[in-house]
Amino acid sequence: MGIAGVSGASAASSAAQSAGGGRHLGQTEFLSLLVTQLTNQDPMSPQEDKEFVAQMAQFSALEAANQTSAALSRLQGAALLGRTVQAVADGDAGSMPVTGVVSAVAYRQDGVHLLVGESDVMLSDVSEVSVG
């Protein structure tokens, strides 16, 4: 019993983007799809070597893209040191606007955090940047 209609990660990625509103296929989803595909392939008609190699190449490209994205986020955070930013900080009372100079940058599991005054702000929450 084979998986019909799946001819590699590019088809799965397109399906994930359209189903998830632009969400990209991540490593976990890619590996899960690949393992399911290999588990359910027809033993009388196994997957071609070149298809498997193409999928592994796409997985390597995905990993490289993720590493590049993380490195760029870190560089963007470091570039904001000493700059005045406007952002939204999540506090005890909910979301509140914050304006101030970035005095520190922290790299955590969930992303890049900026210290703006007394507020911890995610880099993705910055809406405006100005000099000094």
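Listed values, structure above:
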{"item": "Gain in span if fully extended, V129 to V53, counting 0.36 nm per residue against the direct Cα distance", "result": "23.0 nm"}
{"item": "Region 38-119 - percent of accessible surface contributed by carbon and sulfur, probe 1.4 Å", "result": "56 percent"}
{"item": "Estimated FRET transfer efficiency (Q86, S32; beta-carbon r; R0 35 Å; 0.05)", "result": "0.30"}
{"item": "Of the GluC sites (Glu not before Pro) in region 31-132, those whose Cβ has at most 14 other Cβ within 10 Å and which sit in DSSP loop", "result": "E48, E118"}
{"item": "FRET E, pair L75, Q109, Förster distance 22 Å, beta-carbon r, rounded to 0.05", "result": "0.75"}
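The values are calculated or read from the model by the stated rules, or taken from the named source; none is laboratory data. Computed from a predicted structure; not experimentally measured. Cβ coordinates were reconstructed from backbone atoms using ideal geometry, including for glycine residues, and neighbour counts include every protein chain displayed. The accessibility values were calculated without ligands, DNA or RNA, using every heavy atom of the protein model including side chains. Shrake-Rupley method; radii C 1.70, N 1.55, O 1.52, S 1.80 Å.
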